[in-house]
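K.L.:
I'd like to ask some things about the structure below.
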Amino acid sequence: MKTIYKITIMMSLAILGVSCSDDECGYEVTQSIDCPSLGLNIGDACSVNSDGVSNGTVNEFCECIPDFTLISECPGFFKNGDFEITTGDPNTVIDNDIDLATGWGPLWQSGSLADLFDDTTTNYGGGCFVGPTPQSGVFAGMWVENNSNADASATFREGFFNQLNAVISPNTGTYTLSFDYANMSQPCATSNDIKVGVYGVNYDTSTPLPANPTGVGAPSNLDLFGSSNTVYLGEITITSGTTNVYTSVSFSLDTNTLPMPAAGFNHIMISNSHLPFEDFGRMFVGFDNFCLIN
């Protein structure tokens, strides 16, 4: 049973124009507050994280329930974050087959696209490439090239993105994004460090993908789907000495401060960073175990 608490407010009859003596000029008016600990009533807007941002609603138990999805176990908001659900054999073709993984797809219409492999793959598209270790089943791979010349050839510009299970909206708190990566091209040649960029994208899957890029940085990742539909979430640096042993990385996303699309984002995009190094670098990188939780 819900308990109703009452706050007593003393009001003066004098302000109502009623003549009375000093001891008669007060009477009690009661106002019901459902949840005195919150200072709110059931159904009122509230702040989930007590940070002043109204992003929840008070329920019948005087709890502030978020107006957004909460997922605390991996892969979280990612669909098929470990790439294990596929619609075909990753070994049927060597490359450009990222769309065989359910929930994943390329960033543009054709040309150089990301790839899908599994532990039985014997041809990674490069004679000196090696698979990531320890073996993890199905995984993605792509070239990552950073070049200070945005108009340099787009041959080695690749990327992929995931359609999330739910929209990530502005002002819904902090999220943690994590994944594993490995340098599959280390036996081929030494490369300078590279940077991988991570982006949130608001994209309607009923519309065509962007046209193929004309350069390694043209158009910018921020402009592929339109700057108003894209938010830069962060980047990681993969050093020249990185091996084919998986490395795990994790970072936080604060939706209260990120300059997000007004409608939020429903895809996570992975590609070369739009913030290039001064020194040219290129690696073929394997990715697995994407996770996004809050």
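No value in this document is a laboratory result; all are computed from the given coordinates. In this text the structure is predicted, and so the values were computed from the model without any measurement. Because the Cβ atoms are built from the backbone with ideal geometry, glycine has one as well, and the counts that use them run over all protein chains shown.
K.L.:
Sorted by average packing, counted as other Cβ atoms within 10 angstrom per residue and highest first, what order do 265-271, 249-255, 77-83 take?
P.N.:
Numbers: 265-271: 23.1, 249-255: 14.4, 77-83: 21.0.
With the highest mean Cβ count within 10 Å placed first, the list reads 265-271, 77-83, 249-255.
K.L.:
Report ³J(HN,Hα) in whole Hz for each residue of the stretch 83-93, in order, from the Karplus equation J = 6.51 cos²θ - 1.76 cosθ + 1.60 where θ = phi - 60°; Gly and Pro get x.
P.N.:
6, 6, 8, 10, 9, x, 7, x, 8, 5, 10
K.L.:
Applying a 10 Å radius around every beta-carbon, put 174-181, 239-246, 114-121, 91-98 in order of their mean neighbour count, most first.
P.N.:
Values: 174-181: 19.2, 239-246: 14.6, 114-121: 20.9, 91-98: 16.1.
Ranking the peptides 174-181, 239-246, 114-121, 91-98 by packing returns 114-121, 174-181, 91-98, 239-246.
K.L.:
What percent antiparallel are the DSSP beta bridges of the chain, to the nearest 5?
P.N.:
Values: 63 of 65 bridges.
The antiparallel proportion sits near 95 percent.
K.L.:
Beta carbons within 10 angstrom, averaged per residue: use that to sort the peptides 61-74, 189-202, highest first. Walk me through the numbers on the way to the answer.
P.N.:
Numbers: 61-74: 14.1, 189-202: 19.4.
Packing proxy ranking, top to bottom: 189-202, 61-74.
K.L.:
To the nearest 20 Debye, how big is the dipole of the chain about its Cα centre, given +1 on the beta carbon of each Lys and Arg and -1 on that of each Asp and Glu? Don't skip to the answer; put the middle values down first.
P.N.:
Details: 6 positive and 32 negative charges, 77 e Å.
The dipole of the chain has a size of about 360 debye.
K.L.:
Also: Which ³J(HN,Hα) values, rounded to whole Hz and listed in residue order, are derived for the stretch 283-289 from phi using the Karplus coefficients 6.51, -1.76 and 1.60 in 6.51 cos²θ - 1.76 cosθ + 1.60 with θ = phi - 60°, glycine and proline given as x?
P.N.:
9, 9, 10, x, 10, 7, 6
K.L.:
Right, next: Under the rule of at least 5 residues apart or a separate chain, name every residue whose amide H is placed under 5 Å from the amide H of HIS267.
P.N.:
LEU164, VAL201, TYR203
K.L.:
A follow-up question, please. With label points built 7 Å along Cα→Cβ from the Cα atoms of THR257 and THR174, find their separation and express it in nm.
P.N.:
If labels sit at THR257 and THR174, their model points lie 1.0 nm apart.
K.L.:
Additional query: Express the relative contact order of the stretch 184-271 as a whole percentage, based on alpha carbon pairs under 8 Å and six or more residues apart in sequence.
P.N.:
Working: 106 pairs, mean separation 44.5, N = 88.
RCO, the stretch 184-271: 51 percent.
K.L.:
Along the charge dipole of the stretch 177-293, which of THR214, SER250, LEU177 sits closest to the positive end, that is, farthest toward it, with unit charges on the beta carbon of Lys, Arg, Asp and Glu (+1, +1, -1, -1)?
P.N.:
THR214
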